[in-house]
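Okay, structure first, notes after.
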Amino acid sequence: MNSGLNNLEPSSFFEGSPIATFIVNIDHVVTHYNKACAQLLGVPASDVVGRKGLGKVFYGAERPVMADLIVDGAMIDIISDLYQNTYRSSLIIPDAYEAEGFFPRLGTSGRWLFFTAAPLRNLNGEIVGAIETLQDITERKIAENALMKSQLEVEEIVEQRTAELTKRNSELNLLNAKLVTAQEHLVQSEKLASIGQLAAGVAHEINNPIGYIFSNYGMLETYLGSLFEMLSAYEGAEKSCGDPNVIKELQAKRLALEVDFLKEDIPDLMKESKEGIVRVRKIVQDLKDFSHVDAKPEWSFTNLNQGIDSTLNVVNNEVKYKADIIKEYGDIPPVQCIPSEINQVVMNLVVNAAHAIGTDRGKIWIRTGVENESAWIEVADNGSGIPKEVVPRIFDPFYTTKPVGKGTGLGLSLSYGIIQKHRGQIDVQTELGKGTTFRLLLPLTQTDKAE
Ligand SMILES: Nc1ncnc2c1ncn2[C@@H]1O[C@H](COP(=O)(O)OP(=O)(O)OP(=O)(O)O)[C@@H](O)[C@H]1O
Ligand SMILES: [Mg+2]
């Protein structure tokens, strides 16, 4: 009833199939090879039919194709060896296999093929050959690869962005931490400044009464001298007094009032009190010198040795339990500087030196001198020393090796700034475990500063 299709020869059906197909017999000889196959592989049937070694067309070298392996009983170990993880058992035909691969020799720039090979059996079920079909999946593969590539690119970009963000975030965190310490330091130095102002105010107020106590004291000493002189005169006159009752009364009074003891003790009391007053006067003077709050930071010709002395008095508390201070001052002419700032530098160096000294009592040397139109100040300690790799960083702002809350790492950077402003120089020499010496050089005069 139907058209001529019923009479179609199996061979023309095979030939006309749009799916590239070939068959090998049990001896690996190609028996069938359709037009689509010739088209896909670019090799005419006449070159392959009736011959073995179709692998050469695919691989350019002697190698079994999948159909050959099926004919040999589909040895799974060889298949997996040749096709690694690109092959699998067919989902449709139980003892068929399929795989995909890239064939660089095919077409103009290679082709991706998906191929399936299945055994052909006779009526007894014995394998007599194998049929293999080939499908060109190049376009799909190209699309897949492009997709994969762009996916990878996207992933890479995401990774890059994430890394950038993480980096920026940690930079921000670092900056933030620095800001916090800077703020703490500002608060601290503001506190110090106001304490300094307070101290200077108090010092100024104490200075006046101390002044007249001191001068009155001198008078008091003189007057007491006169009184004692008068007393001895009276004592001398006692003998010539005729009335024994009066003499007795005087002696009793002298004993009761312990006048002999008073004569000995009063000069001692006076001496001690005088030392006390001198010390108070000195502390007040040092406070005034150090804080220099009564004067704006102004350039003046200053006695550096004196400035160092008043600074040492101020930091004495920080140092006296840790180290002995050895002063080796040279003769230096007045140096043109901002004295309060130089005091601050010396204070930073001395405090650092004290901090560098361990549990054993140490020594801090303070030396001064003149050399080529410059004054120099050295602050040396026999403390921990500074590791070589750290030395270049100690003048960096915020560089500190001290525990949180102990150091902000600004002492040396501020000092550096101050010395720069004075057109001077600050150098360090250090040996680990032996100690450190900081040396300041300050020009005696600043050419562009009026006195
Ligand atoms: N004499 C010294 N001996 C050993 N190390 C020192 C000495 N002077 C400075 N350093 C090192 O240099 C670092 C920086 O000193 P700097 O004075 O700038 O900061 P800091 O003392 O740590 O803190 P701050 O002075 O702000 O309180 C110190 O933490 C310390 O490690
Ligand atoms: Mg310091």
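The values are calculated or read from the model by the stated rules, or taken from the named source; none is laboratory data. Remember, it's a predicted structure, so these values are computed and weren't measured experimentally. Don't worry about glycine lacking a Cβ; one is built from the backbone with ideal geometry, like all the others, and counts go over all protein chains shown. For accessibility, only protein heavy atoms count, side chains too; no ligands or nucleic acids. Shrake-Rupley method; radii C 1.70, N 1.55, O 1.52, S 1.80 Å.
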Taking segment 380-404 as the search range and keeping residues that are open to solvent by 80 Å² or more (accessible area, probe 1.4 Å) and part of a loop (DSSP other than H, G, I, E, B), which one is nearest to ligand 1 (Cβ to nearest atom)? Thr401
Is at least one residue of segment 104-111 assigned to a strand (DSSP E or B), at pLDDT 90 or above and buried (at least 18 other Cβ atoms within 10 Å of the Cβ)? yes
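Could you grab me the full set of residues in segment 405-425 that are of a type in the set (A, V, I, L, M) and away from ligand 2 (no atom under 13 Å from the Cβ)?
Ile418, Ile419 - these are the residues of segment 405-425 that are of a type in the set (A, V, I, L, M) and away from ligand 2 (no atom under 13 Å from the Cβ).
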Condition first: open to solvent by 50 Å² or more (accessible area, probe 1.4 Å), under 23 Å from Gln135 (Cβ atoms), in the same structural domain as Leu120 (by TED's automatic domain parsing) and free of Cβ contacts under 8 Å to residues at least 40 places away in the same chain. Can you find one or more residues in segment 65-74 that meet it? no
So which of Val154, Val158, Val202 is modelled with pLDDT under 85 and of a type outside the set (Asp, Glu)? Val202
Of (1) open to solvent by 30 Å² or more (accessible area, probe 1.4 Å); (2) within 15 Å of Leu442 (Cα to Cα); (3) not in a loop (DSSP other than H, G, I, E, B), Glu318 fails just (2)
State which residue pairs qualify: first residue under 27 Å from Val335 (Cβ atoms) and inside segment 377-398, second residue basic (Lys, Arg) in any location, beta carbons under 8 Å apart, and separation of 6 or more residues or different chains. Ile377/Arg367; Ile377/Arg439; Glu378/Arg367; Glu378/Arg439; Ala380/Arg367; Asp381/Lys363
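Using the structure shown, decide if Gly4 is open to solvent by 20 Å² or more (accessible area, probe 1.4 Å), modelled with pLDDT under 90 and more than 60 Å from the chain's Cα centre (by Cα). Give the steps one after another, and end with the answer.
Details: open to solvent by 20 Å² or more (accessible area, probe 1.4 Å): yes; modelled with pLDDT under 90: yes; more than 60 Å from the chain's Cα centre (by Cα): yes.
Yes, satisfied.
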Considering only segment 405-428, state which residues are open to solvent by less than 30 Å² (accessible area, probe 1.4 Å), touching a helix residue (DSSP H, G or I) at 6+ places or on another chain (Cβ under 8 Å) and more than 7 Å from ligand 1 (Cβ to nearest atom). Ser415, Ile418, Ile419, His422, Ile426
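Somewhere in segment 367-379, is a residue at pLDDT 90 or above, within 13 Å of ligand 2 (Cβ to nearest atom) and surrounded by 16 or more Cβ atoms within 10 Å (Cβ to Cβ)?
Within segment 367-379, the first condition is being at pLDDT 90 or above, and the residues that meet it are 367-379.
The next check asks that each one be within 13 Å of ligand 2 (Cβ to nearest atom); those that pass are 379.
Now drop any that are not surrounded by 16 or more Cβ atoms within 10 Å (Cβ to Cβ), which leaves 379.
Scanning segment 367-379 turns up at least one residue that is at pLDDT 90 or above, within 13 Å of ligand 2 (Cβ to nearest atom) and surrounded by 16 or more Cβ atoms within 10 Å (Cβ to Cβ).
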